[in-house]
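**Student:** Can you read through this structure? Questions will come right after.
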Amino acid sequence: MPAKIAPAALVRRVRRGEHAAASRALSIVVNDEKDSEVLAKEFFKSSGCAQKVGVCGPPGAGKSTLSGRLIGYYRSKKLKVGVLMVDPSSSISGGAFLGDRLRVMEHAVDPGVFIRSLASRGMIGGLTYAIFGAIHVLETLGCDKILIETVGTGQDEVDIASVADTILYVTTPSMGDEIQAMKAGAMEVGDIFVVNKADLAGKDKAVADLKAALGLGHCAGQAERPWEPPVLATSARAGEGVPELAKELDGHWKHLRASGEGRARLKRQHATELQFWIQRRAIKSALDRVTDEILEDMVLRKTDPASIGRKLLKV
Ligand code: GDP
């Protein structure tokens, strides 16, 4: 792919499903290079069709292994899959931490799978805004499913629930005791829960504990919940429980589209994306105007952060 390619041509190539073009476009959008805004506008127009699945859970639960299995399942159904691996705690870009995510990387040469890591700590509003940009490129590429996996310790920084349509929470039998201590947030945002490593002892107890913690099962007279989060057991290593999980993911996608909840979530995603765009641009344009003269005035106490900050932000 030549370094310089007209934005319109690049968009056309991505729409045609060319991975090299998507890779180039992604770099431009994520790194906020020249033409990134022109491209992002075009990609946004083609977005909104894929099911974005956020894969969350403690490190070592088997998220990557399970994602690899899900990709295999979707490919057997001829679906196109995008994978975004998000590590906001890392400033390493490119394949550095992708290297050990071998389960997913098995699929890297499949033309029906597009995998990209995002790691850009330190950019102002960079990663958070970049996730949306990356998602829109993958949707334009024709991905039916986009798996967004957080790796490392980044969960806090990227609120995956404001990016994804469906949240898949992965835990294991040995983490049974942790269920009580599980972040309340995870229990609230999870749409589908998986006890992975079902081949290990304690699977049934872990499933039961999780169901109890979620308050599943209705009391008489209690209103039907619009979506009751299912709790499944999988053994990602052996590939067991994966078709059942895919079925639940499809079920949730259908529920989102039929109930209006899908539109509500899409609006929340757009609100977050807009917020990040504004933060990135406003902060950058204000910081670009900080001069040594301003700093001198601050040293001499002729001005203060609030006064000059307001002036720079024009608020
Ligand atoms: P992640 O950090 O959540 O992405 O977890 P990984 O997918 O990297 O898996 C962590 C470890 O658990 C690896 O050694 C996997 O081989 C192992 N693992 C994943 N799934 C299973 C499973 O179903 N059963 C068992 N026994 N081990 C598993």
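The values are calculated or read from the model by the stated rules, or taken from the named source; none is laboratory data. No experiment lies behind these values; they were computed from the predicted model shown. Glycine also receives a Cβ, built like all others from the backbone with ideal geometry; neighbour counts cover every protein chain displayed. The area values use the complete protein model at the heavy-atom level, side chains included, leaving out ligands, DNA and RNA. Shrake-Rupley method; radii C 1.70, N 1.55, O 1.52, S 1.80 Å.
**Student:** Do we find a residue being away from the ligand (no atom under 16 Å from the Cβ) and modelled with pLDDT of 95 or more anywhere in the stretch 51-63? Steps first, please.
**Tutor:** So the first thing to find is which residues in the stretch 51-63 are away from the ligand (no atom under 16 Å from the Cβ), and the list is 51-52.
Now restrict to residues that are modelled with pLDDT of 95 or more: 51-52.
For the stretch 51-63, residues away from the ligand (no atom under 16 Å from the Cβ) and modelled with pLDDT of 95 or more: present.
**Student:** If you don't mind, there's one more thing I want to ask. Tell me whether the stretch 214-230 contains one or more residues that are open to solvent by 30 Å² or more (accessible area, probe 1.4 Å), at pLDDT 85 or above and either in a loop (DSSP other than H, G, I, E, B) or within 16 Å of the ligand (Cβ to nearest atom) (or both). Spell out how you get there, then give the answer.
**Tutor:** We begin by selecting, within the stretch 214-230, every residue open to solvent by 30 Å² or more (accessible area, probe 1.4 Å); these are 215-228.
Restricting the remaining residues to those that are at pLDDT 85 or above gives 227-228.
With either in a loop (DSSP other than H, G, I, E, B) or within 16 Å of the ligand (Cβ to nearest atom) (or both) added as a condition, the list becomes 227-228.
Within the stretch 214-230 (the criterion being open to solvent by 30 Å² or more (accessible area, probe 1.4 Å), at pLDDT 85 or above and either in a loop (DSSP other than H, G, I, E, B) or within 16 Å of the ligand (Cβ to nearest atom) (or both)), the answer is yes, since at least one residue qualifies.
**Student:** When you go through (1) of a type in the set (A, V, I, L, M); (2) surrounded by fewer than 14 Cβ atoms within 10 Å (Cβ to Cβ); (3) away from the ligand (no atom under 16 Å from the Cβ) one by one for A238, which number turns out not to apply?
**Tutor:** (3)
**Student:** More than 20 Å from the chain's Cα centre (by Cα), outside any helix (DSSP H, G or I) and within 30 Å of P59 (Cβ to Cβ): does that describe E244? Step through it out loud before you land on a result.
**Tutor:** On the way: more than 20 Å from the chain's Cα centre (by Cα): yes; outside any helix (DSSP H, G or I): no; within 30 Å of P59 (Cβ to Cβ): yes.
For E244, the condition - more than 20 Å from the chain's Cα centre (by Cα), outside any helix (DSSP H, G or I) and within 30 Å of P59 (Cβ to Cβ) - is not met.
**Student:** Please find, among K314, K247, K284, K302, the residue that is open to solvent by 60 Å² or more (accessible area, probe 1.4 Å) and in contact (Cβ under 8 Å) with a residue 40 or more places away in the chain. So that I can check it myself, show each step before the final result.
**Tutor:** Numbers: K314 fails: in contact (Cβ under 8 Å) with a residue 40 or more places away in the chain; K247 fails: in contact (Cβ under 8 Å) with a residue 40 or more places away in the chain; K302 fails: in contact (Cβ under 8 Å) with a residue 40 or more places away in the chain.
Answer to the check: K284.
**Student:** Restricting attention to the stretch 103-110, does a residue exist that is at pLDDT below 55, open to solvent by 10 Å² or more (accessible area, probe 1.4 Å) and either part of a helix (DSSP H, G or I) or touching a strand residue (DSSP E or B) at 6+ places or on another chain (Cβ under 7 Å) (or both)?
**Tutor:** In the first step, residues of the stretch 103-110 are kept if they are at pLDDT below 55; the result is none.
Taking every residue of the stretch 103-110 in turn, none turns out to be at pLDDT below 55, open to solvent by 10 Å² or more (accessible area, probe 1.4 Å) and either part of a helix (DSSP H, G or I) or touching a strand residue (DSSP E or B) at 6+ places or on another chain (Cβ under 7 Å) (or both).
**Student:** Can you work out which of the residues in the stretch 65-84 that are under 20 Å from V14 (Cα atoms) and either touching a strand residue (DSSP E or B) at 6+ places or on another chain (Cβ under 6 Å) or in contact (Cβ under 8 Å) with a residue 40 or more places away in the chain (or both) is nearest to the ligand (Cβ to nearest atom)?
**Tutor:** In this case the residue turns out to be V83.
**Student:** Now for a separate question. Just to check your reading of the model, which residue among V170, V151 is among the β-branched types (V, I, T), at pLDDT 90 or above and in contact with a Pro (Cβ under 9 Å, 6 or more places away or on another chain)?
**Tutor:** After applying the criteria, what remains is V170.
**Student:** Only helices (runs of 4 or more DSSP H) wholly contained in the stretch 1-73 count here; list those with 3 or more residues that are more than 22 Å from E149 (Cα to Cα) and open to solvent by 30 Å² or more (accessible area, probe 1.4 Å). Working first, answer last.
**Tutor:** Numbers: elements: 7-15, 19-30, 36-45.
Result: 7-15, 36-45.
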